[in-house]
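Since the structure comes first, as structure tokens, the remarks are kept for the end.
Just so it is clear, none of the values below were taken in a lab; they were calculated from the coordinates. Nothing here was measured: the structure is a model prediction, and the numbers come from that model. Every residue, glycine among them, receives a Cβ derived from its backbone with ideal geometry; neighbour counts consider all protein chains shown.
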Amino acid sequence: MKGRKQTRNAAAAKPPLPPKMKERLYPAVLELFSRNDFHQVNLRGIYRKSGLSPSTIYKYFQSKEDLLFTILDEKISEIGGLVQAHVKGLESSREMFRKVFWATLDYYDQNPGVAVAAFVTVPMRTWMREKTYVRKDAEKFFREICQYGLRRKEIDASVTPRDCMDLYFMFCYRQIHLWYYKGMKWKLADTVPRFFPLFWKTVSSGRE
């Protein structure tokens, strides 16, 4: 118990990574993890790819897992701001949900290394042990849209925010896996018109 507390305290005491180091380190890490299996990537390769010394990286991160999950958490958190900007001013919960899917998949089109590292490379069991695995920002956002849609009677009363979020992740996972398996030959955002009607049919009240 004492050891765990010390580890948490050490993690909390880590200094923030300077922006200039992020510019060198983040692209190198995402490229390595998007082009190789998780266990094939090691810190030595990260040192070489980024040009940063081992002592510099260890100053900010305890392991390659700590490094990768920190990057993924920071990058995926950017989606929330994009979604907020896209749904601003929309009145229909249907259009809000459609924009959520579009903004998410468009982000991964712009950041394919994040998509591959997060959805293909990372062992889920390992990531599930990390606090970054749970997307509190997504939970809050889906709750707000669902409550809004329920007030407008656009969403079925039996549908919960958790149901909507589960469907969101299910559709996104499937599109990213298929896109990667087929050689990333199309834009992820272009798949939204194909699957979104099914999503909406599942959650809507049918009154719209």
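What residues have an amide H closer than 5 Å to that of Ser204, excluding those fewer than 5 places away on the same chain, when H is modeled at 1.01 Å from N in the peptide plane?
Asp156
Who wins for biggest fluctuation among Leu67, Leu30, Leu188 in a Gaussian network model of the chain, springs between alpha carbons below 10 Å?
So, out of Leu67, Leu30, Leu188, the one fluctuating most is Leu67.
Tell me the trypsin sites (Lys or Arg not before Pro) within segment 38-120 that lie in a loop according to DSSP and have at most 10 other beta-carbon atoms within 10 Å.
Those that pass, being in a loop and sparsely packed, are Lys88.
Given +1 on the Cβ of Lys and Arg, -1 on the Cβ of Asp and Glu, and no further charges, what dipole in debye does the chain carry about its Cα centre, rounded to the nearest 20?
With only Lys, Arg, Asp and Glu charged at Cβ, the dipole is about 640 debye.
Obtain the nm distance between the two label points defined at Glu78 and Asp66 by a simple spin-label model: each point lies 7 Å from its Cα along the Cα-to-C-beta direction.
Output for this residue pair reads 2.4 nm.
Only sites in a loop by DSSP and with at most 14 other Cβ atoms within 10 Å count here; which GluC sites (Glu not before Pro) in segment 57-104 make the cut?
Hits after loop and neighbour filter: Glu91.
HN-Hα J couplings of segment 65-70 from phi, Karplus 6.51/-1.76/1.60, θ = phi - 60°, integer Hz, Gly and Pro as x?
5, 4, 5, 5, 5, 5
Measuring from centroid to centroid over Cα atoms, what is the spacing of segment 174-193 and segment 57-113 in Å?
Using only Cα atoms, the two centres lie 17 Å from each other.
Would you mind working out the magnitude of the charge dipole of segment 94-207 relative to its Cα centre, with +1 at each Lys and Arg C-beta and -1 at each Asp and Glu C-beta, to the nearest 20 Debye?
Roughly 160 debye for segment 94-207.
Checking the cross-link filter: which aspartates and glutamates have an alpha carbon closer than 18 Å to that of Lys201, excluding same-chain neighbours under 8 positions apart?
Glu95, Glu154, Asp156, Asp163, Asp166
Under a cut-off of 21 Å between alpha-carbon atoms, report the lysines in cross-link reach of Lys49, not counting same-chain residues fewer than 8 places apart.
Output for Lys49: Lys20, Lys22, Lys59, Lys64, Lys75.
Grab the DSSP H runs of the chain that are 4 residues or longer, score each as -39,500 (n - 2.57), total them, divide by all residues and round the 222 nm result to the nearest 500 deg cm²/dmol.
-22000 deg cm²/dmol
Within segment 123-173, list the GluC sites (Glu not before Pro) lying in a DSSP loop whose Cβ has at most 14 other Cβ atoms in a 10 Å radius.
Counting only loop positions with at most 14 other Cβ atoms within 10 Å, none of the GluC sites (Glu not before Pro) in segment 123-173 qualifies.
Across segment 100-105, in residue order, what do the Karplus-derived ³J(HN,Hα) couplings come to in whole Hz, using 6.51 cos²θ - 1.76 cosθ + 1.60 with θ = phi - 60° and x for Gly and Pro?
Values per residue, Gly and Pro as x: 4, 5, 5, 4, 5, 6 Hz.
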